[in-house]
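A short reminder: the numbers here are calculations on the coordinates, not readings from a lab. From a predicted model like this one, the values you see are computed outputs, not experimental measurements. All Cβ positions, even for glycine, are placed from backbone atoms using ideal geometry, and neighbour counts span all protein chains on display.
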Amino acid sequence: MTTHRLRRRAALLLAMALCGCNPQAPAPVESDLAVLAQGASGYAQAEPGVQLAFPRDHGSHPDFRIEWWYLTANLEDEQGQPHGLQWTLFRYAVRPPAQAEPGTPWQSPQLFMAHLGLTWPTGHASFQRYARGGEHNGVAQAGARAAPFAAWLDDWSLASTGPDWLPLRLQARQGPFGAELDL
């Protein structure tokens, strides 16, 4: 390694160390997503040896802090051009299930975030939506259930088309972009 490279690396390390020691550095800003940094006390934990049971385990598990349902697809158009799709629905609990339920379904302890990503040879687009929900609260703006399987946020959904888990149908549209797939 040349002396010039060694000096550059030493200067970079010194600059990084000095930046980290700045007593005038601004305090971190509290974000609306601070709930994501909370501990997992009071929630069920994934444990080795637990047997999964389907179709039940395709549905929601509100005793756990976080879970998600997703679909990724590599597709081709009529001209053979590649396209990509990714759809995810995340469920995140803001308080352990043993804590008292709120007085209104609009304060559901379950938060949902849906994400749609699309790619094509000359570009890409992505979108997100947020909601409180869960079928149990009577609002059903977002949620997931096992039978018949459905995971949704507003009009975006991945759902069984009949009584069995498969086949599935994905529907998600945002402005001029969207996907409608039968799987």
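Rounded to the nearest 0.05, what FRET efficiency do Arg95 and Glu67 give with R0 = 22 Å and r taken as the Cβ-Cβ distance? Could you check?
The computed FRET efficiency comes out at 0.90.
If I take the Cα coordinates of the range 40-123 and project them onto the principal axes, what are the three extents in Å, biggest first?
If we take the Cα atoms of the range 40-123, the spans are 55, 35, 21 Å.
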